[in-house]
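The values are calculated or read from the model by the stated rules, or taken from the named source; none is laboratory data. Predicted, not measured: the structure shown is a model, and the values here were computed from it. Backbone-built Cβ (ideal geometry, glycine too); neighbour counts: all protein chains shown. Heads up: the accessible areas ignore ligands, DNA and RNA and are worked out on the full protein's heavy atoms, side chains in. Shrake-Rupley method; radii C 1.70, N 1.55, O 1.52, S 1.80 Å.
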Amino acid sequence: MTIIRLFFSKLSMIIHDFYSRIRAFHKARVLRQMAELEPVFVLGVQKSGTTAIAALLAKATNQSVTLDITRAIKRPEWKVLLRYGIGSFEDYVYRYRSAFRKKIVKEPGLTFYFEELRKVFPKARFVIILREPKDNIRSILNRLDVPGDAADVDLQNYPKLWLSPAWRINFDTSWLGYCHENYIDALAYRWKRSAEIYFNAEDDFLMIRYEDFIADKQASVELLSQKLGLKVKQDISGIVDRQYQSRGKRVKDYGGYYKNNERCIDHQTRHYSERLGY
(Lines give C-alpha, C1' and ligand atoms only; values in the text may rest on other atoms or scores of the structure.)
Protein backbone atom coordinates (compact mmCIF):
# COMPACT_ATOMS: atom_id res chain seq x y z
CA MET A 1 0.00 0.00 0.00
CA THR A 2 2.85 2.38 0.80
CA ILE A 3 4.34 1.87 -2.67
CA ILE A 4 0.95 2.47 -4.31
CA ARG A 5 0.41 5.65 -2.32
CA LEU A 6 3.88 6.90 -3.25
CA PHE A 7 3.19 6.10 -6.89
CA PHE A 8 -0.07 8.07 -7.00
CA SER A 9 1.47 10.91 -5.01
CA LYS A 10 4.28 11.16 -7.53
CA LEU A 11 1.83 10.89 -10.42
CA SER A 12 -0.29 13.68 -8.95
CA MET A 13 2.77 15.93 -8.69
CA ILE A 14 3.71 15.21 -12.31
CA ILE A 15 0.19 15.99 -13.53
CA HIS A 16 0.04 19.18 -11.47
CA ASP A 17 3.41 20.32 -12.82
CA PHE A 18 2.30 19.50 -16.37
CA TYR A 19 -0.86 21.59 -16.11
CA SER A 20 1.01 24.41 -14.39
CA ARG A 21 3.43 24.56 -17.31
CA ILE A 22 0.60 24.56 -19.83
CA ARG A 23 -1.20 27.34 -17.94
CA ALA A 24 1.97 29.44 -17.71
CA PHE A 25 2.54 29.01 -21.45
CA HIS A 26 -1.05 29.94 -22.26
CA LYS A 27 -1.00 32.92 -19.89
CA ALA A 28 2.17 34.30 -21.51
CA ARG A 29 0.57 33.90 -24.95
CA VAL A 30 -2.64 35.66 -23.86
CA LEU A 31 -0.70 38.57 -22.32
CA ARG A 32 1.29 39.01 -25.53
CA GLN A 33 -1.99 39.24 -27.41
CA MET A 34 -3.38 41.73 -24.87
CA ALA A 35 -0.34 43.96 -25.36
CA GLU A 36 -1.32 44.42 -29.01
CA LEU A 37 -4.89 45.48 -28.26
CA GLU A 38 -5.97 49.13 -28.21
CA PRO A 39 -8.76 49.21 -25.63
CA VAL A 40 -10.39 52.29 -24.13
CA PHE A 41 -10.58 52.05 -20.34
CA VAL A 42 -13.30 54.13 -18.69
CA LEU A 43 -12.28 54.70 -15.08
CA GLY A 44 -13.58 56.61 -12.06
CA VAL A 45 -15.05 55.63 -8.71
CA GLN A 46 -18.51 54.08 -8.46
CA LYS A 47 -21.54 56.30 -9.13
CA SER A 48 -19.54 58.90 -11.04
CA GLY A 49 -21.28 58.24 -14.37
CA THR A 50 -18.90 55.67 -15.78
CA THR A 51 -21.62 53.20 -16.80
CA ALA A 52 -23.72 55.74 -18.71
CA ILE A 53 -20.75 57.27 -20.50
CA ALA A 54 -19.17 53.93 -21.45
CA ALA A 55 -22.50 52.50 -22.64
CA LEU A 56 -23.34 55.57 -24.72
CA LEU A 57 -19.82 55.72 -26.15
CA ALA A 58 -20.08 52.08 -27.23
CA LYS A 59 -23.53 52.64 -28.73
CA ALA A 60 -22.51 55.78 -30.61
CA THR A 61 -19.39 54.20 -32.09
CA ASN A 62 -20.81 50.69 -32.49
CA GLN A 63 -18.01 49.17 -30.42
CA SER A 64 -18.02 46.21 -28.05
CA VAL A 65 -18.12 47.09 -24.36
CA THR A 66 -17.60 45.57 -20.92
CA LEU A 67 -19.76 47.30 -18.30
CA ASP A 68 -18.14 45.95 -15.13
CA ILE A 69 -16.13 42.74 -14.92
CA THR A 70 -19.08 40.94 -13.37
CA ARG A 71 -17.28 37.68 -12.60
CA ALA A 72 -14.77 39.61 -10.49
CA ILE A 73 -17.45 41.41 -8.49
CA LYS A 74 -18.09 38.25 -6.48
CA ARG A 75 -14.36 37.94 -5.74
CA PRO A 76 -13.24 41.40 -4.56
CA GLU A 77 -10.62 39.84 -2.31
CA TRP A 78 -8.18 39.97 -5.24
CA LYS A 79 -7.49 43.58 -4.29
CA VAL A 80 -6.32 42.52 -0.85
CA LEU A 81 -4.29 39.65 -2.24
CA LEU A 82 -2.50 41.95 -4.69
CA ARG A 83 -1.78 44.37 -1.86
CA TYR A 84 0.19 41.66 -0.06
CA GLY A 85 1.88 40.23 -3.12
CA ILE A 86 -0.29 37.14 -3.41
CA GLY A 87 -0.89 36.78 -7.12
CA SER A 88 -0.34 39.49 -9.70
CA PHE A 89 -2.31 41.92 -11.80
CA GLU A 90 -1.37 39.84 -14.84
CA ASP A 91 -3.11 36.87 -13.18
CA TYR A 92 -6.23 39.02 -12.80
CA VAL A 93 -6.19 40.04 -16.46
CA TYR A 94 -5.63 36.45 -17.53
CA ARG A 95 -8.50 35.14 -15.38
CA TYR A 96 -10.96 37.68 -16.83
CA ARG A 97 -9.41 37.93 -20.28
CA SER A 98 -12.73 37.77 -22.14
CA ALA A 99 -13.84 41.02 -20.47
CA PHE A 100 -10.57 42.72 -21.42
CA ARG A 101 -10.95 41.81 -25.09
CA LYS A 102 -13.76 44.33 -25.58
CA LYS A 103 -12.92 47.65 -27.23
CA ILE A 104 -14.34 49.68 -24.33
CA VAL A 105 -13.80 48.44 -20.78
CA LYS A 106 -15.56 50.19 -17.93
CA GLU A 107 -14.61 48.97 -14.46
CA PRO A 108 -14.37 51.36 -11.48
CA GLY A 109 -12.24 48.87 -9.56
CA LEU A 110 -9.46 49.27 -12.13
CA THR A 111 -9.09 52.98 -11.38
CA PHE A 112 -6.54 52.25 -8.68
CA TYR A 113 -4.55 49.98 -11.02
CA PHE A 114 -3.89 52.55 -13.72
CA GLU A 115 -0.13 51.95 -13.74
CA GLU A 116 -0.62 48.18 -13.95
CA LEU A 117 -3.07 48.64 -16.83
CA ARG A 118 -0.53 50.72 -18.74
CA LYS A 119 2.05 47.96 -18.44
CA VAL A 120 -0.26 45.17 -19.62
CA PHE A 121 -1.97 47.31 -22.29
CA PRO A 122 0.69 49.72 -23.60
CA LYS A 123 -1.55 50.79 -26.52
CA ALA A 124 -4.60 51.55 -24.38
CA ARG A 125 -6.39 54.90 -24.10
CA PHE A 126 -7.77 56.08 -20.76
CA VAL A 127 -10.89 58.04 -19.89
CA ILE A 128 -11.62 59.09 -16.31
CA ILE A 129 -14.91 60.46 -14.99
CA LEU A 130 -14.84 62.76 -11.97
CA ARG A 131 -17.88 63.98 -10.05
CA GLU A 132 -18.28 66.57 -7.28
CA PRO A 133 -17.20 64.53 -4.22
CA LYS A 134 -20.07 65.23 -1.83
CA ASP A 135 -22.59 64.45 -4.54
CA ASN A 136 -20.64 61.38 -5.63
CA ILE A 137 -20.52 59.98 -2.09
CA ARG A 138 -24.19 60.83 -1.54
CA SER A 139 -25.07 58.84 -4.66
CA ILE A 140 -23.17 55.81 -3.35
CA LEU A 141 -24.92 56.03 0.02
CA ASN A 142 -28.33 56.34 -1.68
CA ARG A 143 -27.57 53.26 -3.77
CA LEU A 144 -26.95 51.28 -0.56
CA ASP A 145 -29.60 52.91 1.68
CA VAL A 146 -26.87 54.12 4.05
CA PRO A 147 -27.22 57.52 5.80
CA GLY A 148 -24.61 60.25 5.49
CA ASP A 149 -24.41 61.30 9.13
CA ALA A 150 -23.78 58.05 11.04
CA ALA A 151 -20.69 57.73 13.23
CA ASP A 152 -19.91 54.53 11.34
CA VAL A 153 -21.81 51.66 9.72
CA ASP A 154 -22.61 48.21 11.07
CA LEU A 155 -22.95 45.86 8.10
CA GLN A 156 -25.73 43.94 9.82
CA ASN A 157 -27.94 47.03 9.74
CA TYR A 158 -27.63 47.71 6.02
CA PRO A 159 -28.69 44.68 3.91
CA LYS A 160 -27.54 46.04 0.54
CA LEU A 161 -24.07 46.63 1.96
CA TRP A 162 -23.96 43.39 3.93
CA LEU A 163 -25.04 41.28 0.94
CA SER A 164 -22.43 42.70 -1.45
CA PRO A 165 -18.75 41.83 -0.87
CA ALA A 166 -17.76 44.25 -3.65
CA TRP A 167 -19.47 47.19 -1.98
CA ARG A 168 -18.15 46.22 1.45
CA ILE A 169 -14.55 46.31 0.30
CA ASN A 170 -15.15 49.78 -1.11
CA PHE A 171 -15.91 50.92 2.43
CA ASP A 172 -12.46 49.71 3.47
CA THR A 173 -9.21 51.43 2.51
CA SER A 174 -6.68 49.14 4.17
CA TRP A 175 -5.91 47.53 0.80
CA LEU A 176 -5.08 51.03 -0.45
CA GLY A 177 -2.65 51.54 2.42
CA TYR A 178 -4.81 53.97 4.37
CA CYS A 179 -6.46 53.55 7.79
CA HIS A 180 -9.80 55.36 7.50
CA GLU A 181 -11.56 57.17 10.33
CA ASN A 182 -15.04 55.94 9.38
CA TYR A 183 -17.05 54.94 6.32
CA ILE A 184 -17.36 58.51 4.97
CA ASP A 185 -13.64 59.06 5.37
CA ALA A 186 -13.05 55.82 3.43
CA LEU A 187 -15.25 56.91 0.53
CA ALA A 188 -13.71 60.40 0.53
CA TYR A 189 -10.21 58.93 0.47
CA ARG A 190 -11.11 56.76 -2.53
CA TRP A 191 -12.39 59.85 -4.34
CA LYS A 192 -9.17 61.70 -3.52
CA ARG A 193 -7.06 58.82 -4.80
CA SER A 194 -8.96 58.73 -8.09
CA ALA A 195 -8.45 62.48 -8.59
CA GLU A 196 -4.79 62.12 -7.58
CA ILE A 197 -4.29 59.40 -10.18
CA TYR A 198 -5.68 61.72 -12.83
CA PHE A 199 -3.65 64.78 -11.84
CA ASN A 200 -0.46 62.72 -11.64
CA ALA A 201 -0.89 61.65 -15.27
CA GLU A 202 -3.10 64.29 -16.91
CA ASP A 203 -1.53 63.79 -20.33
CA ASP A 204 -2.52 60.13 -20.30
CA PHE A 205 -6.21 60.73 -19.62
CA LEU A 206 -9.24 62.20 -21.29
CA MET A 207 -11.15 63.60 -18.32
CA ILE A 208 -14.88 64.28 -18.19
CA ARG A 209 -16.58 66.00 -15.30
CA TYR A 210 -19.88 64.27 -14.61
CA GLU A 211 -21.67 67.61 -14.38
CA ASP A 212 -20.50 68.62 -17.88
CA PHE A 213 -21.76 65.29 -19.21
CA ILE A 214 -25.16 65.83 -17.59
CA ALA A 215 -25.39 69.30 -19.11
CA ASP A 216 -25.17 67.90 -22.68
CA LYS A 217 -24.86 64.14 -22.83
CA GLN A 218 -24.87 63.66 -26.57
CA ALA A 219 -22.33 66.40 -27.23
CA SER A 220 -20.06 65.07 -24.46
CA VAL A 221 -20.10 61.54 -25.86
CA GLU A 222 -19.58 62.64 -29.45
CA LEU A 223 -16.68 64.91 -28.44
CA LEU A 224 -15.14 62.03 -26.49
CA SER A 225 -15.53 59.77 -29.52
CA GLN A 226 -13.72 62.35 -31.66
CA LYS A 227 -10.85 62.68 -29.20
CA LEU A 228 -10.48 58.89 -29.09
CA GLY A 229 -10.44 58.66 -32.86
CA LEU A 230 -13.64 56.58 -32.90
CA LYS A 231 -16.15 57.40 -35.63
CA VAL A 232 -19.71 58.14 -34.53
CA LYS A 233 -21.90 55.64 -36.37
CA GLN A 234 -25.21 55.84 -34.53
CA ASP A 235 -27.49 58.58 -33.30
CA ILE A 236 -27.84 58.30 -29.51
CA SER A 237 -30.21 61.22 -29.00
CA GLY A 238 -33.07 58.87 -28.17
CA ILE A 239 -31.23 56.97 -25.43
CA VAL A 240 -29.09 59.59 -23.67
CA ASP A 241 -31.52 59.76 -20.74
CA ARG A 242 -31.70 56.00 -20.21
CA GLN A 243 -31.21 55.21 -16.52
CA TYR A 244 -28.44 52.62 -16.15
CA GLN A 245 -28.54 52.59 -12.35
CA SER A 246 -31.12 53.60 -9.75
CA ARG A 247 -31.53 57.34 -9.37
CA GLY A 248 -30.56 58.76 -5.97
CA LYS A 249 -32.15 61.53 -3.92
CA ARG A 250 -30.80 65.01 -4.52
CA VAL A 251 -29.49 66.94 -1.52
CA LYS A 252 -29.47 70.74 -1.26
CA ASP A 253 -27.96 71.01 2.23
CA TYR A 254 -24.87 68.82 2.52
CA GLY A 255 -24.13 70.22 5.96
CA GLY A 256 -27.41 68.79 7.17
CA TYR A 257 -27.01 65.55 5.23
CA TYR A 258 -23.49 64.72 6.41
CA LYS A 259 -23.38 66.70 9.69
CA ASN A 260 -20.01 65.99 11.38
CA ASN A 261 -18.94 63.74 8.52
CA GLU A 262 -18.71 66.69 6.15
CA ARG A 263 -15.32 67.58 7.60
CA CYS A 264 -13.92 64.21 6.49
CA ILE A 265 -14.93 64.92 2.91
CA ASP A 266 -13.57 68.46 3.00
CA HIS A 267 -10.29 67.29 4.50
CA GLN A 268 -9.76 64.54 1.94
CA THR A 269 -11.06 66.13 -1.23
CA ARG A 270 -10.82 69.94 -1.08
CA HIS A 271 -7.42 70.24 -2.78
CA TYR A 272 -8.45 68.33 -5.90
CA SER A 273 -12.10 69.35 -5.98
CA GLU A 274 -11.04 73.01 -6.13
CA ARG A 275 -8.66 72.22 -8.99
CA LEU A 276 -11.60 70.66 -10.80
CA GLY A 277 -13.69 73.78 -10.31
CA TYR A 278 -16.01 72.45 -7.62
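Per 5 Å bin, what percent of the C-alpha pairs of the range 74-161 does each bin hold, from zero upward?
3, 10, 17, 18, 15, 16, 13, 6, 2, 0
Using the Karplus equation 6.51 cos²θ - 1.76 cosθ + 1.60 (θ = phi - 60°), what ³J(HN,Hα) coupling, rounded to whole Hz, does each residue of the range 58-71 give in order, writing x for Gly and Pro?
5, 5, 5, 9, 6, 10, 6, 8, 10, 9, 6, 8, 4, 5
Whenever you get a sec, line up I208, I73 from highest to lowest accessible area (probe 1.4 Å, protein heavy atoms).
Correct descending sequence by accessible area is I73, I208.
Express in Å², to the nearest 10, the accessible area of F25 obtained by rolling a 1.4 Å probe over the protein heavy atoms while all chains stay in place.
So the heavy atoms of F25 present about 140 Å² to solvent.
If we sort 155-163, 57-65 on the protection proxy, mean other Cβ atoms within 10 Å, highest first, what's the order?
Working: 155-163: 13.4, 57-65: 19.4.
Result, highest mean first: 57-65, 155-163.
If packing is taken as the mean number of other Cβ atoms within 10 Å per residue, what is the order of 83-92, 137-146, 222-231, highest first?
Working: 83-92: 13.1, 137-146: 20.4, 222-231: 15.5.
Highest mean packing first, the order is 137-146, 222-231, 83-92.
Can you tell me what the convex hull of the Cα atoms of the range 144-278 projects to on average, as an area in nm²?
Working: hull surface 41.5 nm².
Mean orientational projected area (the range 144-278, Cα hull): 10.4 nm².
What's the FRET efficiency of R118 with R29 using the Cβ-Cβ distance as r and R₀ = 22 Å, to the nearest 0.05? Present the calculation step by step, with values, prior to reporting the outcome.
Details: r = 21 Å, r/R0 = 0.94.
Step by step, r from the Cβ atoms, then E = 0.60.
At q = 0.07, 0.17 Å⁻¹, what base-10 log of I(q)/I(0) does the Debye formula yield for the chain when every alpha carbon is treated as an equal point scatterer in vacuo?
Taking Cα atoms of the chain as identical point scatterers yields -0.30, -1.46.
With angles folded into 0 to 90 degrees, how steeply does helix 2-34 sit against the dominant principal axis of the chain? Use alpha carbons for both and round to 10.
40
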